[in-house]
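Notes to accompany the following structure.
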Amino acid sequence: MRRFDRFFAGFALLLFLAGITRDGLDLWIARTELPSRVTTLSTEVRDRNGHLLRVYTVEEGRWRLAVTPETVDPLYRQMLLAYEDKRFDHHAGVDPIAMLRALGQALWHGRVVSGGSTLSMQVARLLENSGTGQLEGKLRQIRVALALERQLDKREIFQLYLERAPFGGNLEGIRAASLAYFGKEPRRLTPAEAALLVALPQAPEARRPDRAHPFAEAARDRVLRRSLAAGILSADTLRGAQGEPVPHIRLPFPQLAPHLSDRAVKENPHAWQHDLTLDASLQTRLEAVATRAVRDLPDGVSAALVIADHRSGEILASVGSARYSVERQGFVDMTQAFRSPGSTLKPIVYALAFDRGLAHPQTLIDDRPVRFGRYAPRNFDGAFRGMLPVAEALRLSLNIPVVLLLNEIGPAHLIEALRRSGVESRLPGDRTGLAVALGGIGVSLEGLTQLYAMLASGGLERPLHWRKDSAMETQTRRVLGQVAAWQVGDILAGLTPPAGAPRDRIAYKTGTSYGHRDAWAVGFDGAHVAAVWIGRPDGTPVPGAFGGELAAPVLFEAFQRLKPHVDPLPPPPPDTLILPTARLPQPLREFAGRDAPFGQEPDAPKLIFPPDGAKVPVGQETLVVKLRDGVAPFALLANGKPLITGLRRREAELPGLGYGYSTLSVIDAEGRSAKVRVWIE
């Protein structure tokens, strides 16, 4: 009886101690201070289809991208658990069987043969950024793993592993590794790719494929063989996977639309994902177009380009510079810079004149010398063409006819048309003068694209946007009448395309700002609108830069890269008056204007090209000189020495100029002169 009592007492004590141990273990786990589970993720900018445009690193320059178990190939999870943690779905954070196995192997071999860490313990180590050795560290991992299992489900723990696992260098998480080594998302992985991604976190630096290729291949093959033994792979699949090459290099992360990506992040710096309306494939092609456009141009010359769907207002591509680098000031976003648009605002003046009944495309207008107080506009070539149809004046981009029309309309109405189109503009001074018709105002490339989107939309305001979640206004303002907008588009569609460009019917206009600082081309078809700028971001002149020669070919190439065939322009509205000059109503047959300020004599001659202070590139055997105003014949001099006399044209070639500074002079028939100083390099 006494023996029974002792046995009973011992059994009761054992139960009591077990209860205390269990309760103590629960209390030990409950009191665990868990590390932060908030994972700082790389900011991502995506295109309209979810493809990456650009990714930004997190602290210490690490790539760590958002990922969920559902966006990873299920094969990876199967192979990972078979290799790392067979009982992951069933244990409570610690696998006693695996730990006993690891301990027994270590005692038998005298060294560590396999680890007993579960995925939960590895996540604990990653969260605390602790090592894998030392008994104290291992106990801490066990405690944190047990606590994590009480607060998170298996999916959440697996997601933390997917986000945090190291893959060599500054790569963290499976998405960063898959993009860097395979150039693709981990949603679809081959067995060989999945096996490599399973193997790398065990020794991320020692197995980096780009630095330790043989070790990476050997580790991958061990995972493949383990997967065969676990019944995940067949023998044939194993042989095929072993024959698949392991990558030797790391691929760069996408860096498309860098300027617009920077804008998106700056506007909302707390968001980790930004979804844009851009098309990554089109953006890639147009960035290449911009790079080629400046390849043979002088140093410092850059290019920018915008393409949008004027039916929806979505920007499909935005190229802020020819290259996102210090070279050619490539970090400057020239889609946002305010520059003189040259002649690209002329179509808006004509549309306003048509809308107000002041003119018709076949109205005759007099291209003669004219003066408004101290302002005497001249055509670019200095010539006058007399009476000609308004449509022809627009196609020739003559200055005098458009200034005559704007004088009748009023410059403030042009500024108001820009404002109603949603286009921000900047005047050089406090007053709005007639020179705004010729580019005496600042607009951005994106703003100019929006202005022509309004024309393409039949005169309706068409705000452009580049965020997918941007809410479009249901009500749009009318800026111009539908007939006037169509008439201008029809005139511009009649312009001859650049040499070598397809004979597609695109309504387009070119422009060159004063001093050859900016070359522009902007146009549209029935669905899309595009604009191109070429120049130096710092605003210094580019001798010989003309919108028709530099920017227009790029515009037409952009449309080719966008789609194989242009969309047709719309037919004329039903109330469009399509008549020759002789059949127009009498007031529309000839434009006179209220002031009719004709009959002024030409001003003194001017050297309009090269501009004063221009740099002429090395290797140019002759220098092209262009004149304006004055009375022929002219004499041209270089450093006081006559080179050409009796010149009646307003363009000539000066040979034999030496390196360094040269002073070029022109003298007209009345003895009036002008000079510029240029640098020959």
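Where a number appears in this text, it was derived from the coordinates with a stated rule and is not lab data. The model shown is predicted, which means the values in this text are computed figures rather than measured ones. When we count neighbours, we look across all protein chains shown, and the Cβ atoms used for this are built from the backbone with ideal geometry, even at glycine.
Normalised Debye scattering of segment 539-588 at q = 0.15, 0.23, 0.24 Å⁻¹ gives log10 I(q)/I(0) of -0.76, -0.88, -0.92, counting only Cα atoms as equal scatterers and leaving out solvent. Only one of (i) 61, 28, 22; (ii) 73, 28, 21; (iii) 85, 27, 19 was calculated from the structure for semi-axes √(5λ) of the Cα gyration tensor in Å, and its label is (ii).
Where the alpha-carbon atoms of segment 142-280 are placed on the principal axes, they occupy 52, 41, 26 Å, in descending order. Centre-to-centre, using Cα atoms only, segment 538-561 and segment 190-255 are separated by 49 Å. Excluding same-chain neighbours fewer than eight residues apart, the aspartates and glutamates reachable from residue 563 by a Cα-Cα span under 20 Å are 47, 279, 287, 309, 314, 504, 525. Computed over segment 304-455, the P(r) curve from all C-alpha pair distances, binned at 5 Å from the origin, holds 2, 9, 17, 19, 18, 14, 11, 6, 4, 1, 0 percent per bin. Pairs spanning more than 30 Å between alpha-carbon atoms, out of 154/184; 184/509; 606/641: 184/509. Dividing the Cα radius of gyration of segment 214-306 by 2.2 N^0.38 Å, with N the residue count, gives 1.82.
Dividing the Cα radius of gyration of segment 263-371 by its Kirkwood radius returns 1.12 for Rg/Rh.
The amide H of residue 189, built 1.01 Å from its N in the peptide plane, has 73 as neighbours under 5 Å, considering only residues 5 or more places off or on other chains. Relative to the longest principal axis of the Cα atoms of the chain, helix 280-293 runs at roughly 50 degrees.
Mean silhouette area of segment 606-680, derived from the convex hull of its C-alpha atoms and averaged over all directions, reads 4.1 nm².
In the chain, a dipole from Cβ-located charges (positive for Lys and Arg, negative for Asp and Glu) runs towards its positive end, and of 29, 508, 485 it is 29 whose Cα lies farthest in that direction. Report, in whole Å, the centroid distance computed from the Cα atoms of segment 389-444 and segment 506-533. Segment 389-444 and segment 506-533 have Cα centres separated by 16 Å. In the chain, Cα pairs under 8 Å separated by at least six residues give a relative contact order of 10 percent. About its Cα centre, segment 423-503 has a charge dipole of approximately 80 debye under the convention of +1 per Lys or Arg Cβ and -1 per Asp or Glu Cβ, with nothing else charged. Size of segment 187-264: Rg and Dmax of its alpha carbons, in Å, are 16.0, 52.
Helix 119-128 and the long axis of the chain differ in direction by around 60°, with both axes built from C-alpha atoms. The dipole here belongs to the chain: it is taken about the Cα centre, uses +1 on the Cβ of Lys and Arg and -1 on the Cβ of Asp and Glu, and is about 1200 debye. When each of the peptides 668-676, 280-288, 650-658 is scored by how many other beta carbons lie within 10 Å of its residues on average, the order from highest to lowest is 280-288, 668-676, 650-658. Which value in deg cm²/dmol, rounded to the nearest 500, describes the helix-derived mean residue ellipticity at 222 nm for the chain, given -39,500 (n - 2.57) per DSSP H run of n ≥ 4 and division by the residue count? One gets -10500 deg cm²/dmol as the mean residue ellipticity at 222 nm. Take the Cβ atoms of residue 612 and residue 211, set R0 to 56 Å, and the FRET efficiency comes out at 0.50.
Inter-label distance, residue 49 to residue 92: 5.0 nm, where each label sits 7 Å from its Cα along the C-beta direction.
Cα centroid separation, segment 26-75 to segment 306-376: 45 Å.
P(r) for segment 414-467, from all Cα pairs and a bin width of 10 Å, is 25, 52, 21, 2 %, short bins first.
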